[in-house]
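The values are calculated or read from the model by the stated rules, or taken from the named source; none is laboratory data. Please read all numbers here as calculations on a predicted model, not as lab measurements. Backbone-built Cβ (ideal geometry, glycine too); neighbour counts: all protein chains shown.
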Amino acid sequence: MWTYHAARLFKGAPVVFDPRVRLQVPMIAENQHQFPVTVDARTIPGASRIIIFADLNPLTQAVDFRPLHAAPFLSLRIKLDQRTPVRAAVMGADGAWHVSGVWVDAAGGGCSAPPVSRAKGDWALHLGEMRGSAWKEGDDLRLRVSLRHPMDTGLVENIPSFHIETIHLRDAAGVELANMTVEGSVSEDPAFTFLLRPTREGPVKVQARDSEGRDYQGVIGPQSRPHG
Amino acid sequence: MGNGFTRRAMIGAMMAAPLAANAAQYYTLKPDLVAPGVWVVRGADEAIAFANGGAIANCTILAAKGGAILCDCGPSLAYGQALARLAQKLTGGPVLRVLITHLHPDHAMGAAAFDPAIIAALPETRRELERDARGFSDGMYRLLADWMTGTNVVLPGMDVAPGPFEIGGRALEAIALSGHSGGDLAIMDRTSGTLIAGDLVFHNRAPATPDADLSAWRRSLDALDGREFARLIPGHGPVDATHGAIVQTRDWLTWLESALADAVARGLDMSEAGDIPIPERFAGVALARYELQRSVSHFYARLEANELPRIDN
């Protein structure tokens, strides 16, 4: 699987396994629908792109994140369809992919069982509800954003694929701060943490688009609280 | 954390698994006599794993006229059968009644070894088992493989009503509570003054919260704390001659709730919240980090939805 994925994801660029890419995950996949992952690549000089993927998931890639004016740091939750390596690949200034990974044991069905809101039937009532806040963290601004969305994988009987496809962060002047492509293997009601680099004061606009072309927008006001 | 994955480790794991699965599996149950006619079979203070056969919960055997009363019956058919043989040896008679304290599979799936007509639980526990037992069964077979051979879901055939009752001349009291799950049964053995607390009380082993309502759980702990007893048998961890295990369980739950609220208020993600420092006073509590990370999974999304403001007007 590694050879297959590496050829597709890295397209011939050099690949090094690099423990400096920090993957923070819990020791147990308590819920295979919501497995938290934090990637911190601030130790990789010039890190410009982060791909998070799970080799043995049917939808291998979760996100392709371009930090632009953000730190190469990202938290999110992904689905696990079985026991699998979970990895982060970071493009460094040296033109190489720096890859780090952990083996995660998980019960089956993270991608192929319906999401909670489908089972409850209330997904449409809350679709697109966005929550978030900002915290001062050293010189950075920590942003936490969540969005109600079923994130259907297309692998559940009679429920076609329907998920957030892109997320863009912009400052008040419209300058793009970071962007990300998102796949159906990101958890239902996705939640992300970003670290924006200094000098980005004022409100941050969060723009998301899903696979049916719906746009969702939120605005997080100027930094509201200390990170403590 | 970090780069724990290597190709060699993966190959090693794949080679080791089938060897372990071929080893003969049998439970060696060791009874501890804690009072006349009261034995505890201690579970391992570990997570459910192939290495321990899922035998992680404490089970209690009580002597009665003509046989034995069991409080909880372990994770599997083989465990339930071993427990019945042990009870027969200790009391000289068959199992008269199996009392199930709550739905969780490490306590309840050994019911497969018994006639449903002698298995009793709170009505709420039976409802929860009807809802969840199949899923638990899948999870237990995945983790425990051959240990689970022949284990079918068997539901209690009898309700437990709160208040005093008698089995084989042994005077007991059923205390119907909740909080660890939707229905938590504690049993007072009035003969010996032993309180069998089920998973409402953990002792030197971190509490598990997959079905917990933390405020209801604390109220239940207050109710147990108000009782007099000579000793308490917790669901997990060593027998306690004091109220210390109740205090410790309540302390953990209170800390957990405030620590998670604090993590949400600081903007931490779930993976970060699972790595927050655990207070020194819990240093002797087994599985503290493991259960904290499970609890993050159980509670965090809901806490965040309550705490973070809407930004999408």
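Couple of notes before you dig in:
- Within segment A:46-61, the set of residues being crowded, with 22+ Cβ neighbours inside 10 Å and touching a Phe, Trp or Tyr at 6+ places or on another chain (Cβ under 7 Å) comprises just one member, A:I50.
- Entry remark, segment A:7-56: residues being over 19 Å from A:E188 (Cβ atoms), without any contact (Cβ under 8 Å) to a residue 60 or more places away in the chain, not aliphatic (A, V, I, L, M) and not in a loop (DSSP other than H, G, I, E, B) number 4 in total.
- Listing of strands (runs of 3 or more DSSP E) fully contained in segment B:136-216 that carry 1 or more residues being surrounded by fewer than 16 Cβ atoms within 10 Å (Cβ to Cβ): B:163-167, B:170-177
- Residues that are modelled with pLDDT of 95 or more and aliphatic (A, V, I, L, M) within segment B:145-156 comprise B:M148, B:V153, B:V154, B:L155, listed in sequence order.
- The residue pairs whose first member lies in segment B:159-175 and is of a type in the set (K, R), whose second member is at pLDDT 95 or above and part of a strand (DSSP E or B), and whose beta carbons are closer than 9 Å, counting only pairs six or more residues apart or on different chains, are B:R170/B:L62; B:R170/B:A63; B:R170/B:A64; B:R170/B:I69; B:R170/B:D189.
- The condition of being closer than 25 Å to B:F299 by Cα and either crowded, with 22+ Cβ neighbours inside 10 Å or within 12 Å of chain B (Cβ to nearest Cβ) (or both) holds for A:A113.
- Unique match (being surrounded by fewer than 24 Cβ atoms within 10 Å (Cβ to Cβ) and at positive phi) among B:G74, B:G67, B:G93: B:G67
- Count of residues meeting criterion [more than 27 Å from A:H149 (Cα to Cα) and buried (at least 19 other Cβ atoms within 10 Å of the Cβ)] in segment A:19-45: 3
- If you go through segment A:174-213 and pick out every residue that is surrounded by fewer than 15 Cβ atoms within 10 Å (Cβ to Cβ), charged (D, E, K, R), touching a His at 6+ places or on another chain (Cβ under 9 Å) and in a loop (DSSP other than H, G, I, E, B), you end up with 0.
- The set of residues in segment A:116-168 being more than 10 Å from chain B (Cβ to nearest Cβ) and of a type in the set (S, T, Y) consists of A:S117, A:T153, A:S161, A:T166.
- Taken over segment B:63-83, the criterion of being among the hydrophobic types (A, V, I, L, M, F, W, C) and under 19 Å from the mean Cα position of the chain (by Cα) is satisfied by B:I69, B:L70, B:C71, B:C73, B:L77, B:A78, B:A82, B:L83.
- When B:N306, B:N313 are checked against the criterion of being under 26 Å from A:S187 (Cβ atoms), touching a helix residue (DSSP H, G or I) at 6+ places or on another chain (Cβ under 9 Å) and either among the aromatic types (F, W, Y) or surrounded by fewer than 20 Cβ atoms within 10 Å (Cβ to Cβ) (or both), B:N306 stands alone in meeting it.
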